[in-house]
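The values are calculated or read from the model by the stated rules, or taken from the named source; none is laboratory data. Keep in mind that what you see is a predicted model, and the values were worked out from it rather than measured. Don't worry about glycine lacking a Cβ; one is built from the backbone with ideal geometry, like all the others, and counts go over all protein chains shown.
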Amino acid sequence: MKTRLINLPRVGRTAVFLGSTTICFFVICLSGSAQEVPVVGHPANQPTEATETPPPVDTNEPAKVFTPDPGQADFDEAVLARIDAETNEELESVAVLLESALAKGLSDENTSFAKKILGSVQLQRSQQMAAMMARVRGRRQLQLRDEALDTLKKAVGNDPTLVEAHLLIARLNLILDGDRDQVSESTTKAIELLDDDPKQQSQAYLLRAVTQESDDDKLEDLSSAIEVDPTNVEALQARAALRMTKDDVDGAIADLEQILIEQPGNQQLASAAVQALVDRERLDDALALVTKSLEAKPSEGMYRIRAILYRMKGREDEALSDLNKALAMQPKDPISLLQRAEIALARNDIKGAKQDLRAAIRLAPQVENADQTIFVRCLIAVEEGRMADAINDMKILAARDPSNTDRQLQLATLYLRDERPRKAVEVLSSILDRDPKNALVYRSRGDALLNVGDHADAIADYENAIKYADDNSAELSSILNNLAWVLATSPIDEIRNGTRAIELGERAAKLSEFKEAHILSTLAAAYAEAGNFEKAIEWSTKAVELGEAEDNLQLDQLKLELESYRKSEPWREKQEVEENAVPILAPEDLIDT
């Protein structure tokens, strides 16, 4: 190691070299008064700045020694135990150690860290309790819920930023008569903490929407959920349903379209959406919705749904095309086969219908007793003239769902076709007992009463049907026509009323746009009853012309009516069907199709 020379003032110096270390001794030889010693590096005889004298060292004071926090040992043990802790017992042990460490005392930094660990442990224990709730029932389930909530409250007390804990508090309070206010409070905190996680924040908005009392607040939360996460299908579905209830059908359709973009094959959702639109007579919107879904992702289920809609609009060819596509995608689909069988029957293709029915049962024997199978079998029996078979099948369907008015009406119609009007009256009266404002049932019972010659009661039923029918429906024109016909043609003098019959007949003709031969025939009969045979001949002639153009099954009677008016004779008609006395045999005694 090289030695380093230090410049010293030329006053006198002696240097002693010991090894590699240079020790300088300054010997100041002055005569007279003492002189200041210049600092190394400064010229001699120049003043220097005064230096601060260090405080004296107390050689009696002991050196400082590091002292750990009182709870440090428990804290260290808890941190190590937390790594592998999974079971409830292990987690509880970690929690006990952390609580002990906090009670004994930790530094501010370690206190904050310990509380965060303790919060996470308490959250995990609560999650395990919540999972156990699915495996128990009754009081134990309620006990677990309450224990989980108590533990979660401690968790958020230790770590208020635990989003999962706030959300679990909300979810647990949604069941078993929980605290709805707590749901709102916890979800609101979660929403505030989730600004950097839009998907989770969207779920929190959705959860809070459940507890909102007003539809407007609920709609606001659902809209917020969708705004931060446009792919939140649950929120879209909930908002669509809410919009439906508020008659915002267009808004609901927009939400449903978005859902089907996200989940184009969601047949369950599509079915529910289509039903809601059909209930609101928005068939075109339902068709458009399903078509968009098919454009995004073709599926046999969606083709089936669209086929049903096409049938409701009378577009049988398009319905058949969709069912064929469904069967091309899934040849072993019994539901599509049964639907295609119904279309075959509508086309008078009994053979094709029976083939599809048999194929459906062969592919899936369990569908033999399904409602749709029995219904198809019933329709085949009707087309083949086996009314007893048809009635027995419809009785099965009606018995399965006594509240289903359509099935009861179909049964009554079959009784009428089998010349059993009194049985039809019984069925229809039972419907009116529970649904006294059903216009269609009043009309049907009125028809049945005419068949037994009870004109007065038939008129009363028609009047009630008019009272409860929609003002501009096709159903109303038929009811008006039937009542006008009785008032114009009844052989009972006190029943007839030509003036009222004309009024009703004109309303029926206008509603049907003067395009129905039998309705124009009724208007002619009304004028004849009123003595205006010129008008009667005019309308009767038009009825015959329409009947000839459409090959009407009642054409012969229409011509007879016209001849009667030309003779200045009003038309009289009293239907009285003799009740069919042939017993309806049990199904096991009938021919199997």
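Screening Ala525 on (1) surrounded by fewer than 18 Cβ atoms within 10 Å (Cβ to Cβ); (2) of a type in the set (Gly, Ala, Ser); (3) at pLDDT 90 or above shows it passes everything except condition (1). Residues that are among the charged types (D, E, K, R) and surrounded by fewer than 21 Cβ atoms within 10 Å (Cβ to Cβ) were ranked within the stretch 232-247; the one that is modelled with the lowest pLDDT is Asp247. For the stretch 77-92, filtering for residues that are assigned to a helix (DSSP H, G or I) and more than 16 Å from Thr151 (Cα to Cα) leaves 8.
Right, Ile492: crowded, with 20+ Cβ neighbours inside 10 Å, in contact (Cβ under 8 Å) with a residue 24 or more places away in the chain and over 22 Å from Leu562 (Cβ atoms) or not?
Numbers: crowded, with 20+ Cβ neighbours inside 10 Å: no; in contact (Cβ under 8 Å) with a residue 24 or more places away in the chain: yes; over 22 Å from Leu562 (Cβ atoms): yes.
So Ile492 fails the test.
Determine, yes or no, whether Asp177 is closer than 29 Å to Ser126 by Cα, surrounded by fewer than 20 Cβ atoms within 10 Å (Cβ to Cβ), modelled with pLDDT under 95 and of a type outside the set (A, V, I, L, M).
Values: closer than 29 Å to Ser126 by Cα: yes; surrounded by fewer than 20 Cβ atoms within 10 Å (Cβ to Cβ): yes; modelled with pLDDT under 95: yes; of a type outside the set (A, V, I, L, M): yes.
Spelling it out, Asp177 is indeed closer than 29 Å to Ser126 by Cα, surrounded by fewer than 20 Cβ atoms within 10 Å (Cβ to Cβ), modelled with pLDDT under 95 and of a type outside the set (A, V, I, L, M).
Suppose the filter is of a type in the set (A, V, I, L, M), modelled with pLDDT under 95 and within 30 Å of Ala509 (Cβ to Cβ); does Ala474 pass it? Yes: the conditions hold for Ala474.
A Cβ distance below 8 Å, combined with a sequence gap of six or more or placement on separate chains, defines the contacts here; from the stretch 390-419, residues that are without any contact (Cβ under 8 Å) to a residue 60 or more places away in the chain reach residues that are surrounded by fewer than 18 Cβ atoms within 10 Å (Cβ to Cβ) and not in a helix (DSSP H, G or I) in the pairs Leu397/Asn404; Ala398/Asn404; Thr405/Asp435; Arg407/Asp401; Gln408/Pro402.
Does Ala530 satisfy being on the phi < 0 side of the Ramachandran plot and buried (at least 20 other Cβ atoms within 10 Å of the Cβ)?
no
Among the conditions (1) at positive phi; (2) in contact with a His (Cβ under 8 Å, 6 or more places away or on another chain), Gly138 misses just one, which is (2). Residues in the stretch 146-202 that are of a type in the set (S, T, N, Q) and free of Cβ contacts under 8 Å to residues at least 40 places away in the same chain: Thr151, Thr161, Asn173, Gln182, Ser184, Ser186, Thr187, Thr188, Gln200, Gln201, Ser202.
Taking the conditions exactly as written (touching a helix residue (DSSP H, G or I) at 6+ places or on another chain (Cβ under 6 Å) and not in a helix (DSSP H, G or I)), does Ile519 satisfy them or not?
So Ile519 fails the test.
Here Val290 meets each of (1) touching a residue at least 12 places away in the same chain (Cβ under 8 Å); (2) of a type outside the set (S, T, N, Q); (3) under 30 Å from Tyr415 (Cβ atoms) with one exception, condition (3). None of Leu432, Leu440, Leu428 is at negative phi, of a type in the set (A, V, I, L, M) and in contact with a Ser or Thr (Cβ under 7 Å, 6 or more places away or on another chain) except Leu428.
Give the stretch 290-344 a look and list any residue that's of a type in the set (A, V, I, L, M, F, W, C) and surrounded by fewer than 18 Cβ atoms within 10 Å (Cβ to Cβ), or say none.
Quick first cut of the stretch 290-344, residues of a type in the set (A, V, I, L, M, F, W, C) only: 290, 294, 296, 302, 305, 307-309, 312, 319-320, 323, 326-329, 335, 337-338, 341, 343-344.
Hits for the stretch 290-344 are Ala296, Met312, Ala328, Met329.
A quick yes/no check of all residues on (1) within 19 Å of Ala484 (Cβ to Cβ); (2) touching a residue at least 24 places away in the same chain (Cβ under 8 Å); (3) small (Gly, Ala, Ser):
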| site | (1), (2), (3) |
| --- | --- |
| Ala526 | yes, yes, yes |
| Asn532 | yes, no, no |
| Leu553 | no, no, no |
| Glu561 | yes, yes, no |
| Leu585 | no, yes, no |
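Taking first residues from the stretch 305-334 that are more than 23 Å from Gln366 (Cβ to Cβ) and partners that are of a type in the set (Lys, Arg) and surrounded by fewer than 23 Cβ atoms within 10 Å (Cβ to Cβ), the Cβ contacts under 6 Å between residues at least 6 apart in sequence or on separate chains come to Ala319/Arg311. Residues that are modelled with pLDDT of 95 or more and under 30 Å from Glu257 (Cα atoms) number at least 2 in the following helices (runs of 4 or more DSSP H) confined to the stretch 294-403: 300-312, 316-329, 334-346.
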